[in-house]
Amino acid sequence: MNLSGFDFDESAKKIIGTLDNNGRIPHAIVIESKDKSKALAAAKFLSMYAVCISENRPCGVCAQCHKAEQAVHADIKYAYPEKKSKTYSIDQMRDIAKDAYICPNEANAKIYIFEEADNRLSVIAQNSFLKLLEEPPQNVYFILLCENAKRLLDTILSRCTVITLKSSTSFDETAVQNAKNIVNGILSSREYDLLLASNSLCDKEKADETLAAVKLILRDGMAVLSGADAVFDAALGKSLAARFTNGKLIEMIELTENAKIKITENININLLTTWLCGEYRRISWQR
Ligand SMILES: [Zn+2]
């Protein structure tokens with residue numbers, strides 16, 4: 001699989017690379033990502049891989065690759081709900097099932113890409129899809145994009161290879177709000193504010209993302225101090241810069257990173273929160 005020259009970050013390259021099994025990709029793939037454009041780029045890449053005729057696939061320059069990249073390839077179909085509908089109809093799913101058994105037009109493969117599959121595939125539509133996924137026609141590939149794979153039926157997921165691509169820029173909204181509250185807590189003169197804000201870390205699923213966002217906000221403080229623009233939160237970046245030295249911000253970033261690691265080690269979250277708040281306070285108030 002030729003991933004060089006494609007605009008994926010290293011972790012995405014690694015994950016997409018795992019899909020290559022002796023020159024073939026799995027016939028059914030679920031790509032989960034909060035970043036829709038990233039998931040779509042991966043789906044496009046895989047469709048290029050499936051239709052490319054060069055040795056080093058996808059080459060990115062042959063006619064097949066070009067058409068795949070422009071999303072105009074006759075054998076790569078993007079499924080869209082019919083007008084005014086938010087979901088795929090059963091008729092549409094039936095048409096796709098029929099179409100999948102017709103030979104490709106010009107490539108050696110046929111690919112169906114379903115964007116927002118977790119929103120647009122109703123339970124009935126998913127059930128009608130099962131048989132096709134179980135016994136897919138030769139050289140036919142299905143790629144389902146979604147924000148949250150858990151919203152798809154287990155019976156669908158068990159028939160698919162699921163990959164998760166981390167979004168580099170987009171964070172879960174709740175996690176971002178939690179992070180802002182924590183930074184406001186650090187800035188507050190009342191100890192209670194920070195403790196209260198840190199309570200959101202009890203939501204373990206979001207804790208990792210929350211702390212990642214805290215780190216980015218703290219970095220904004222450093223950016224403002226050095227005369228650069230804040231990238232994540234301009235207002236908080238400014239407040240941090242007005243209050244703390246560069247050294248203190250670095251200390252807090254390292255502390256946050258440590259807390260992130262501790263969460264993956266399954267530490268008691270209440271203890272971790274208490275420790276983290278204490279350390280933030282210590283760093284803020286020490287001379
Ligand atoms: Zn090519």
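The values are calculated or read from the model by the stated rules, or taken from the named source; none is laboratory data. From a predicted model like this one, the values you see are computed outputs, not experimental measurements. Note that we place each Cβ from the backbone using ideal geometry, even for glycine, and neighbour counts take in every protein chain shown. Only protein heavy atoms, including side chains, enter the accessible area calculation; ligands, DNA and RNA are left aside. Shrake-Rupley method; radii C 1.70, N 1.55, O 1.52, S 1.80 Å.
Below is a table of values for the structure above.
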| item | result |
| --- | --- |
| Between 0 and 90°, nearest 10: helix 269-285 axis offset from the chain longest Cα axis | 50 |
| Under the Debye formula (equal points on every Cα, no solvent term), log10 I(q)/I(0) of the range 10-164 at q = 0.13, 0.17 Å⁻¹ | -0.55, -0.98 |
| Sequence of 274, 87 from largest to smallest accessible area, 1.4 Å probe | 274, 87 |
| Cross-link partners of residue 260 among aspartates and glutamates (Cα-Cα below 15 Å; sequence separation of 8 or more within a chain) | 203, 205, 208, 209, 251, 279 |
| Heavy-atom accessible area ranking, 1.4 Å probe, most first, across 82, 205 | 205, 82 |
| Accessible surface, 1.4 Å probe, highest first, among residues 216, 236 | 216, 236 |
| Cα Rg, Dmax (largest Cα-Cα span) when computed across the range 78-131, Å | 11.7, 34 |
| Probe 1.4 Å - accessible area at residue 167, Å² to nearest ten | 30 |
| In degrees, nearest ten, helix 123-134 long axis to first principal axis of the chain (Cα) | 60 |
| Estimated FRET transfer efficiency when R0 is 25 angstrom, pair residue 173-residue 234 (beta carbons, to 0.05) | 0.90 |
| In degrees, nearest ten, helix 90-100 long axis to first principal axis of the chain (Cα) | 60 |
| Exposure of residue 281 as accessible area (Å², to 10), given a probe of 1.4 Å and all protein chains | 30 |
| Overall dimensions of the chain by Cα: Rg and Dmax, Å | 23.5, 74 |
| When each of 14/166; 83/166; 44/84; 14/77; 36/150 is checked by Cα-Cα distance, pairs over 23 Å | 83/166; 44/84; 14/77 |
| Alpha carbon centroid spacing (whole Å) that separates the range 135-182 from the range 223-250 | 34 |
| Solvent accessible area, Å² - residue 34, 1.4 Å probe, full protein context | 90 |
| For the range 173-285: Kirkwood Rh in Å [reciprocal of mean 1/r, alpha carbons] | 13.7 |
